[in-house]
Amino acid sequence: MNRKNKKILLVHPLGYKSDKASTDISRIANITPPLGIASICAYLLLRQIDCDIIDCYAHPDADKKINKYLETEKPDYIGFSCSTSTFMDGIRIAKISKSILSDIKIVFGGAHVSALKESIINNFNIVDYVVVGEGEQTLTELIEADNKNLSDIKNIVYKNYDNKVVFTGYRKNLLDLDSLPFPAYEKLDGYPEKYKLPIFNYPKTPNSSCISSRGCPYSCSYCDRSVFRKTFRFNSAEYLYKHFKYLNHNFGIKHVNFYDDQFTFHKKRVLKFCDLMISGDLKMSFNCAARAEHLDHEIVTAMKAAGCWMISLGIETGDQKLLAQHRQNANIEMLREKITLIKKAKIRVKALLMMGLPGETEESISKSKKYVYSLPIDDFNLAKFTPFPGSPIYQQIKDGGSLGTFDENWEKMDCMEFIFIPNGINKEKMEALFIDFYRSHFMRYKVLFGYFSMIWKSPDSWRRFFIDFFSFMNFIKNKKRVQT
């Protein structure tokens with residue numbers, strides 16, 4: 001291929017065989033638009049590089065679509081944005097792509113490959129390039145370079161002419177986020193109808209997600225830091241309001257979930273955004289995630305007036321001692337005070353927890369359960385701790401074995417299986433306690449009443465619940481992601 005205008009197909013892999021998709025509780029409950037590749041696509045289009053997206057998560061039968069696209073459009077590149085659990089599926093599709101177009105260039109990006117860098121190309125010959133970190137500028141420069149002067153492009157891994165794997169180092173100057181175009185939502189087949197937030201997490205449809213910041217200034221042991229590292233940047237309030245307006249006017253979006261790690265970190269920005277929402281005429285609502293120490297009466301009150309419907313807080317565990325081992329500012333009583341503050345503002349609260357952190361015991365799980373059930377929360381999500389390659393705790397778990405046993409099976413690393421078991425407890429006991437945690441939660445009267453009240457607060461959630469009633473009941477019973 002030697003045409004002037006290069007073309008790339010961006011793929012979001014499914015991560016497992018497509019025939020399992022219909023019983024995958026993750027897909028049934030939540031299909032989030034792949035905002036990373038949608039943003040990259042928009043940037044490439046701005047630079048006159050032809051780009052399309054195929055989202056296998058929204059379209060599990062996408063293999064035929066990918067094959068047809070390769071045969072008819074003959075793109076110069078195919079790019080994969082992968083988590084740890086979807087990486088091997090990306091490799092599978094990459095091999096098929098090479099069999100159809102022998103000279104197509106294979107590019108991988110995302111958190112998994114950003115963490116492992118050179119080892120990806122060393123261990124997977126099918127991969128031509130790895131894009132480390134943010135993809136917009138790096139992928140654009142890579143395509144524009146057309147395989148020339150690659151050493152001048154920062155944030156890539158490739159094999160040089162001596163067949164040596166090279167990482168070109170990190171980019172010093174990052175893009176101003178307000179200079180980026182809005183993600184190419186129009187390139188997502190079936191948007192917005194194909195995408196849906198978790199049930200009971202929104203009041204209206206159609207709804208969507210957006211990202212208003214990148215990175216996190218904290219260093220929790222369990223968080224992947226491979227893409228944004230220690231940086232934290234954010235869009236301005238004015239940009240956010242324009243983004244909401246764009247989603248509302250072009251796609252009819254009525255509710256947005258901010259997919260940021262820390263939406264409320266910069267207080268002035270949030271207050272300005274709230275002012276714009278209050279004075280504007282969009283009549284949209286939103287959710288966000290926050291750290292408790294960033295919340296006070298002023299910001300919570302402003303967010304409620306601006307349309308904030310739910311705030312998610314990372315509690316992780318109700319055992320103060322265990323929490324202090326893994327994150328800064330560990331204070332479960334402060335968390336309780338901030339949750340009470342949110343509830344007084346009449347904003348829903350979702351607690352985010354994980355089970356199986358290094359140091360976890362039966363006693364700490366019991367403490368966590370007792371603590372969580374004492375909180376005035378509306379919803380909660382309990383994940384199974386997974387040591388991802390980009391997290392600070394990963395190498396210690398992988399190398400030493402002193403913290404517990406680790407079965408590093410990438411395809412199972414989706415936070416829905418115990419692939420790490422802390423010392424002093426076995427997997428069977430962990431599974432039993434995990435199921436008990438969920439079952440006990442849903443058997444409580446105030447929880448059942450809260451979900452019942454969603455009939456008029458989020459009627460579409462109940463519609464979805466009844467359609468997939470047996471899938472949800474099976475998940476509550478056995479906590480398996482895919483029913484067999």
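The values are calculated or read from the model by the stated rules, or taken from the named source; none is laboratory data. This structure is a prediction, so every number in the text was calculated from the model and none was measured. Here the Cβ positions follow ideal geometry from the backbone for every residue, glycine too, while neighbour counts run over all protein chains shown. Ligands, DNA and RNA are stripped out before the accessible areas are found, and what is left, the full protein with its side chains, is counted by its heavy atoms. Shrake-Rupley method; radii C 1.70, N 1.55, O 1.52, S 1.80 Å.
Among the numbered criteria (1) assigned to a loop (DSSP other than H, G, I, E, B); (2) loosely packed, with under 15 Cβ neighbours inside 10 Å; (3) modelled with pLDDT of 95 or more, which single criterion is violated by GLN328?
Answer for GLN328: the failing condition is (3).
Do any residues in region 370-381 that are in contact (Cβ under 8 Å) with a residue 24 or more places away in the chain have Cβ atoms under 9 Å from those of residues that are hydroxyl-bearing (Ser, Thr, Tyr) and open to solvent by 40 Å² or more (accessible area, probe 1.4 Å), where the two are at least six apart or on different chains, and which pairs are they?
LEU375/THR340; PRO376/THR340
Only residues that are open to solvent by less than 30 Å² (accessible area, probe 1.4 Å) and either among the charged types (D, E, K, R) or within 17 Å of GLU293 (Cβ to Cβ) (or both): list them for region 249-277, please.
Residues satisfying the conditions are ASP260, GLN262, PHE263, THR264, ARG269, VAL270.
Taking the criterion of being closer than 18 Å to GLU193 by Cα, open to solvent by less than 20 Å² (accessible area, probe 1.4 Å), part of a helix (DSSP H, G or I) and out of contact with any Cys (no Cβ under 6 Å at 6 or more places or on another chain), would at least one residue in region 13-21 satisfy it?
yes
Kindly check whether there is at least one residue in region 159-173 that is part of a loop (DSSP other than H, G, I, E, B), open to solvent by less than 10 Å² (accessible area, probe 1.4 Å) and either touching a helix residue (DSSP H, G or I) at 6+ places or on another chain (Cβ under 7 Å) or in contact (Cβ under 8 Å) with a residue 24 or more places away in the chain (or both).
Scanning region 159-173, I find no residue that is part of a loop (DSSP other than H, G, I, E, B), open to solvent by less than 10 Å² (accessible area, probe 1.4 Å) and either touching a helix residue (DSSP H, G or I) at 6+ places or on another chain (Cβ under 7 Å) or in contact (Cβ under 8 Å) with a residue 24 or more places away in the chain (or both), so the answer is no.
Filter region 178-188 for residues that are surrounded by fewer than 17 Cβ atoms within 10 Å (Cβ to Cβ) and touching a Phe, Trp or Tyr at 6+ places or on another chain (Cβ under 9 Å); which is nearest to GLU136 (Cα to Cα)?
The residue in question is PRO181.
Please count how many residues of region 339-382 are within 17 Å of HIS297 (Cα to Cα), aliphatic (A, V, I, L, M) and touching a helix residue (DSSP H, G or I) at 6+ places or on another chain (Cβ under 7 Å).
Of the residues in region 339-382, 5 are within 17 Å of HIS297 (Cα to Cα), aliphatic (A, V, I, L, M) and touching a helix residue (DSSP H, G or I) at 6+ places or on another chain (Cβ under 7 Å).
Of all residues in region 285-304, count the ones that are outside any helix (DSSP H, G or I) and crowded, with 20+ Cβ neighbours inside 10 Å.
Residues meeting the conditions: 6.
From ILE342, ILE299, ILE347, which residue is farther than 24 Å from CYS223 by Cβ, among the β-branched types (Val, Ile, Thr) and in contact (Cβ under 8 Å) with a residue 12 or more places away in the chain?
Going through ILE342, ILE299, ILE347 in turn, the sole match is ILE347.
Considering only residues of region 189-248 that are among the basic types (Lys, Arg) and either touching a helix residue (DSSP H, G or I) at 6+ places or on another chain (Cβ under 8 Å) or in a loop (DSSP other than H, G, I, E, B) (or both), which is surrounded by the most Cβ atoms within 10 Å (Cβ to Cβ)?
LYS196
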